[in-house]
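Worksheet for the structure shown next.
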Amino acid sequence: EEKVPLGSGSAKKNKMQFAGANNPLWMFVDGQLNEIKGDKMPVAIHDSMPPFTNNIVDLKKGDTFYIFSDGYADQFGGPQQKKLLNKNFKALLQKVQDLPMLEQGAKIDGFFEDWRKELDQIDDVCVIGIRY
């Protein structure tokens with residue numbers, strides 16, 4: 001993983017650029033979960049606004065990566081009506097890794113709906129998964 005200032009050149013072939021605001025990029029390489037942390041600052045105007053870190057990530061065929069809003073893990077539900085949490089979200093992604101991406105999307109959505117059941121959705125939910 002190489003870090004360069006945002007906007008200083010473009011990614012080369014088989015590379016991806018990632019800059020995150022609070023949320024990480026999760027990437028599965030050969031079945032192993034790797035996390036590239038986002039910067040601890042919001043996208044919106046803030047008191048201190050240093051440049052975001054632009055992470056350059058090497059890619060190979062079969063790598064799968066996910067970016068997401070905090071709404072998925074923050075959703076209340078389950079038997080005790082508690083937050084879903086990132087650890088459970090990671091476990092779900094690990095479980096669906098071998099599925100085609102459209103099936104992963106259906107499983108991720110189904111798990112979320114089963115988790116929250118009749119509870120209101122508390123935040124926006126966005127999960128983007130891509131297999132290289």
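Quick notes on this one:
- Those residues of the range 87-100 which are outside any loop (DSSP other than H, G, I, E, B), touching a strand residue (DSSP E or B) at 6+ places or on another chain (Cβ under 9 Å) and open to solvent by 50 Å² or more (accessible area, probe 1.4 Å), in sequence order: 90, 94
- Restricting the range 101-129 to residues that are within 14 Å of residue 28 (Cβ to Cβ) and either in contact with a Lys or Arg (Cβ under 7 Å, 6 or more places away or on another chain) or of a type outside the set (A, V, I, L, M) (or both) leaves a set whose member that is surrounded by the most Cβ atoms within 10 Å (Cβ to Cβ) is 104.
- Residue 63 vs. criteria more than 30 Å from residue 15 (Cα to Cα), open to solvent by less than 70 Å² (accessible area, probe 1.4 Å) and in contact (Cβ under 8 Å) with a residue 40 or more places away in the chain: no
- Residue 27 being touching a residue at least 12 places away in the same chain (Cβ under 8 Å), surrounded by 15 or more Cβ atoms within 10 Å (Cβ to Cβ) and in a loop (DSSP other than H, G, I, E, B): no
- Count of residues meeting criterion [at pLDDT 80 or above and touching a Lys or Arg at 6+ places or on another chain (Cβ under 9 Å)] in the range 1-20: 2
- Only a single criterion out of (1) modelled with pLDDT under 95; (2) within 16 Å of the chain's Cα centre (by Cα) is not satisfied by residue 64, namely (1).
The values are calculated or read from the model by the stated rules, or taken from the named source; none is laboratory data. Since the structure is predicted, the reported quantities are computational estimates derived from the model, not experimental observations. All Cβ positions, even for glycine, are placed from backbone atoms using ideal geometry, and neighbour counts span all protein chains on display. Calculation scope for accessible area: heavy atoms of the full protein, side chains included, ligands and nucleic acids excluded. Shrake-Rupley method; radii C 1.70, N 1.55, O 1.52, S 1.80 Å.
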